[in-house]
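A.B. asks: To start, I am sharing the structure in question, which I have written as structure tokens.
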Amino acid sequence: MDRVDRERHFHDEQAAARATSWSVDPQQLRFQDDEFLDHETWVRPAWNRLGPLNGRRFLDYGCGHGMAAVVAARQGAVVTAMDLSHAYLRETAERAKVNGVRVECIQADAHVLPFADASFDAIWGHAVLHHLDLHRAGRELRRVMRRGGVAVFCEPWGGNPWLEFARKYLPYPGKDRT
């Protein structure tokens, strides 16, 4: 199994575990924007760097649970949620439905995006870059970003020398993924 397959498998399993609760009661996926924007002190200021989203094409890059996609759609963006994990895309689609917004969900490898050049005005990514080859992913992001567009990424772990040391030398649960 290669790295991409391992990542897909891990995140599909993680999302499937989450689905055990919301699949019984999809209303658990309903939320207010502030719950996402204020769940960590840095989210709202980072989000504000995207600028007004109304009418803009927005990519939630590595969408995971899909809360960012829903918030962007509520703010008037035309939203595409992309993730490697089919199970997370299922959660994102259900979350969008329960919250009354439209989000297009696309399963894709972030290194080979299935979008036309200059497709997006705004791109959001949260805790996704540390999973990727930054040179390959960066080329793809540049390709799909419209001139004058903005991309905001929040990466709590990337490039941390202590974490790199731990990844190389220390045993811990979950070490099989990046």
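A.B. asks: Can you tell me which condition Asp176 does not meet? The list is (1) open to solvent by 50 Å² or more (accessible area, probe 1.4 Å); (2) at pLDDT 95 or above, and all the others hold.
C.D. replies: The single condition Asp176 does not satisfy is (2).
A.B. asks: With the checklist (1) of a type outside the set (A, V, I, L, M, F, W, C); (2) at pLDDT below 95; (3) assigned to a helix (DSSP H, G or I) in hand, flag the one item Gly158 doesn't pass.
C.D. replies: (3)
A.B. asks: Is it fair to say Val70 is buried (at least 24 other Cβ atoms within 10 Å of the Cβ) and of a type in the set (A, V, I, L, M, F, W, C)?
C.D. replies: Details: buried (at least 24 other Cβ atoms within 10 Å of the Cβ): yes; of a type in the set (A, V, I, L, M, F, W, C): yes.
In short, yes.
A.B. asks: Turning to a different aspect of this structure: Just the residues that are open to solvent by 30 Å² or more (accessible area, probe 1.4 Å) and either touching a strand residue (DSSP E or B) at 6+ places or on another chain (Cβ under 9 Å) or under 22 Å from Glu155 (Cβ atoms) (or both), please, taken from the stretch 52-67.
C.D. replies: Gly55, Arg56, Arg57, His65, Met67
A.B. asks: Which residue pairs have Cβ atoms closer than 7 Å, lie 6 or more positions apart in sequence or on different chains, and pair a first residue in the stretch 51-76 that is among the acidic types (Asp, Glu) with a second residue that is not in a loop (DSSP other than H, G, I, E, B)?
C.D. replies: Pairs found: Asp60/Ala68; Asp60/Ala69; Asp60/Ala72; Asp60/Val79; Asp60/Ala81; Asp60/Met82; Asp60/Trp124.
A.B. asks: Right, next: Of all residues in the stretch 75-92, which are open to solvent by 40 Å² or more (accessible area, probe 1.4 Å) and within 16 Å of Leu59 (Cβ to Cβ)?
C.D. replies: Across the stretch 75-92, the qualifying residues are Gln75, Val78.
A.B. asks: How many residues does the stretch 55-98 contain that are over 24 Å from Glu13 (Cα atoms) and in contact with a Lys or Arg (Cβ under 7 Å, 6 or more places away or on another chain)?
C.D. replies: 3
A.B. asks: Can you tell me which residue in the stretch 24-47 is nearest to Val150 (Cα to Cα), limited to those that are open to solvent by 60 Å² or more (accessible area, probe 1.4 Å) and in contact (Cβ under 8 Å) with a residue 40 or more places away in the chain?
C.D. replies: Looking at the filtered set, the residue picked out is Trp42.
A.B. asks: What single numbered condition from (1) open to solvent by 20 Å² or more (accessible area, probe 1.4 Å); (2) more than 19 Å from Ala151 (Cβ to Cβ); (3) aliphatic (A, V, I, L, M) fails to hold for Ala116?
C.D. replies: It fails just one condition, (2).
The values are calculated or read from the model by the stated rules, or taken from the named source; none is laboratory data. Given the structure is predicted, the values throughout are model-derived calculations rather than measurements. Heads up, the Cβs are rebuilt from the backbone with ideal geometry, glycines too, and the neighbour counts pull from every protein chain shown. Note: accessible area is taken over every heavy atom of the protein model, side chains too, but ligands, DNA and RNA are not part of it. Shrake-Rupley method; radii C 1.70, N 1.55, O 1.52, S 1.80 Å.
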